[in-house]
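Derivation of every value follows stated rules applied to the coordinates shown; laboratory data play no part. Please read all numbers here as calculations on a predicted model, not as lab measurements. Every residue, glycine as well, gets a Cβ built from its backbone with ideal geometry; the counts of neighbours run over all protein chains shown.
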Amino acid sequence: MAFDGITVAGLCSELQETAAGGRIYKIAQTDKNELVITIRPAAERGKGQIRLYLCADPSLPLVYLTRTSRQAPLQAPAFCMLLRKHLQNGRIVSVTQPGLERILRFEVEHRNEMGDLCTHCLVVEIMGKHSNIIFLDDSDMIVDSIRHVSSLVSSVREVLPGRPYFIPDTQSKKDPLSETREGFMSVLDNGHMDVAKLLLRSYTGFSTVAAQELAHRAQLTQDRSAALLAPDEKEALWEQFRDLVLQIREKKFTPVMYCRRGEGQTAGAPAEFSLIRLGHYADCVEVPYESPSALLEDFYARKNLYTRIRQRSADLRHIVQTILERDVHKYDLQCRQIRDTEKREKFKIYGELLNAYGYSVPAGADSCEVLNYYTGENIRIPLDPTLTPQQNAQKYFDRYARMKRTNEALTRLTAEVSAEIEHLRSIQNALEFSTTDGDLSQIRSEMEESGFLRRKYTGRRDFRADSRKGRSRTPQSKPLHYISSDGYDIYVGKNNTQNDEITFRMADSRDIWFHANDMPGSHVLLKSGGRSMDQLPDRVFEEAAALAAYYSSGREQGKVEIDYLERRNVKKPSGAAPGFVVYYTNYSILAKTDISALREVED
């Protein structure tokens, strides 16, 4: 969801409750468009410190409370020094939002050099490429801003020291908090576009997602013009609009993140966030949060992490996909060639029958009909009239021998290509669940050792030095660790290297091993503590199987067939690829891919 006026209203409510009355303890400008303000809350609101993160970056403006510290430069920029001079040790009187604008005003009361009490205002505008952090005096004159905007950049408003501050009204939008029924109906009657677009263009603070949600709640299709709505449909839309405005006024916000189905709270890219319930995201999983700040910080951290890892793994995914497409094409071609060799036995029989009945075949015949003593039926054999029956027989034997050799070679090659396809698909599955640089490093090493990727080598000494440096920089990737509802430890390998680790190094012989049936997926290990299967609760099997289903290529299916057995019955063939195992006796369970009930722990 865009950082719209509804989100700002929720943040304003949170900041008014937590920061108002507190004193500004420290101000740091961590980047050219970022500020981190450390606040000591009022005594009645508890001890400790809170950090307010303000970002006016045009690509991603943000405001939220955080506990994460950020490194500040040794020498503070001029704007930061100005804020320290006037706001350090100042008391935050209030945090307000004008209308439903994407603007927050922090009124700060402090004493000047003469000891007199005075008031300044810090304004944060969250408006995309026009975002800014502006410092005002008590008469709303601009003292300075983190981004200067001259008349050469904007003809609407200059943001420079000494200029008056005002909110530009360039789109003539209405304030939804003061809208009446008559005014709303007038907007609908004159709106010759679909409802969501009309709401977006007519009212401040509305994002596309919020406008679509109102249309969804009123059960309106988005491809109909607002002016063509029936009276009862307009009335239904007004009621939903009025209820949303009332919810904002009463500060009844429900911070929630929406993840794509099957991605739960622990993995995958978040789809959307909102401070109101989104009915048109019913196909997603809802992840509730305690506060707007916690939601925003987690959403953008996960979004940035997912985007960065996807970008860094793009070359690996491209290489895997290219080799996989080539191998699948090769495998199909080899299978067709094998099918062509399946008629080789016919040529062997032709040769044997010609050796047996060749004496009765007249010279120069182009075919002959003889008794097939294998079936007791007559069979017609094509002949080369220029060759004798014995020569024709030898020709059929030679053809049979060539096809037999081809079949044997192709059978071996198709087995190798099939194993390589399976290996590549397991790597492809592992890339989907990679969340750290360490995960990608392990997958890259596996691809290099398997010959899918050329190992980088720049000289023996430099290579070793680079390897040591790389190991120190890249954090080590470990298998995922979950705790079941009954307190059992469950480990999940995120790639083939980790699969081998948990199956053959971390596991005891009586631990329970899980894997998706006949598809790429993670090895899942349930630590049984030496107990036999019949001594473990049924629920722990269901939860471990759910992990195996979720971390497999079948996670979008909703339910996946999972094989499980004691680890001592899982074997690794000699020379097999990483993550490849065999087993011959197992139990099966049909598991859901929902893992929201499981708790992941950091080792």
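Find, among the trypsin sites (Lys or Arg not before Pro) in the range 1-99, those assigned to loop by DSSP (not H, G, I, E, B) with at most 15 other beta-carbon atoms within 10 angstrom.
LYS32, LYS47, ARG67, ARG70
Using mean Cβ contacts within 10 Å as the protection proxy, how do 186-195, 305-314, 288-297 order, highest first?
Put in order of decreasing packing, that is 288-297, 186-195, 305-314.
5 Å is the cut-off here: which amide hydrogens, built 1.01 Å from N in the peptide plane, fall below it relative to LYS174, excluding neighbours closer than 5 in sequence?
TYR203, THR204
For LYS571, give me every one of the lysines with a C-alpha distance below 24 angstrom, ignoring sequence neighbours fewer than eight places off in its own chain.
LYS478, LYS494, LYS527
Name the long-range amide H neighbours of GLY579: under 5 Å, sequence gap of 5 or more, or other chain; modelled H, no Pro or chain starts.
ASP500
Tell me whether the range 158-290 comes out rounded, prolate or oblate; compute the Cα gyration tensor, take square roots of the eigenvalues as a ≥ b ≥ c, and use a/c under 1.5 as the rounded threshold.
Judged from the Cα gyration tensor, the range 158-290 comes out oblate (a/c at least 1.5, b/c at or above a/b).
I need the shape label for the range 65-182. Rule: rounded when a/c is under 1.5, else prolate if a/b > b/c, else oblate, with a, b, c from the alpha carbon gyration tensor.
Taking the square roots of the gyration eigenvalues as a ≥ b ≥ c, the range 65-182 is prolate.
Based on other C-beta atoms within 10 Å, arrange ILE39, ILE92 from fewest to most.
ILE39, ILE92
Apply the Karplus curve 6.51 cos²θ - 1.76 cosθ + 1.60, θ = phi - 60°, to the phi angles in the range 329-337 and return the couplings in whole Hz, x for Gly and Pro.
5, 5, 5, 4, 5, 5, 5, 5, 5
Roughly how tilted is helix 231-249, in degrees to the nearest 10 and between 0 and 90, from the longest Cα axis of the chain?
70
Calculate one ³J(HN,Hα) per residue across the range 367-383 by plugging θ = phi - 60° into the Karplus curve 6.51 cos²θ - 1.76 cosθ + 1.60, and present them in order as whole Hz with x for glycine and proline.
Rounded to whole hertz, the list is 6, 8, 10, 10, 8, 7, 6, 7, 10, x, 10, 6, 9, 9, 10, x, 10.
Read phi for every residue in the range 146-154 and hand back ³J(HN,Hα) as whole Hz from Karplus 6.51 cos²θ - 1.76 cosθ + 1.60, θ = phi - 60°, with x for Gly and Pro.
6, 10, 7, 10, 9, 5, 6, 8, 9
By count of other Cβ within 10 Å, fewest leading, how are ILE27, ILE103 ordered?
The most exposed by this proxy come first: ILE103, ILE27.
Once you sort the root eigenvalues of the Cα gyration tensor of the range 480-601 as a ≥ b ≥ c, which label holds: rounded (a/c under 1.5), prolate (a/b larger than b/c) or oblate (the other case)?
Here the range 480-601 falls in the rounded category.
Quick one: of LYS26/LYS85; LYS330/LYS404; LYS26/LYS303; LYS197/LYS303, which pairs are farther than 18 Å apart, Cα to Cα?
LYS330/LYS404; LYS26/LYS303; LYS197/LYS303
Starting from the Cα of VAL581, move 7 Å in the Cα-to-Cβ direction to define the label point; list residues of the range 415-458 whose amide nitrogen is under 13 Å from there.
None, by backbone N distance to the label point.
In percent, what relative contact order does the range 187-327 have, based on Cα pairs under 8 Å that are 6 or more apart in sequence?
18
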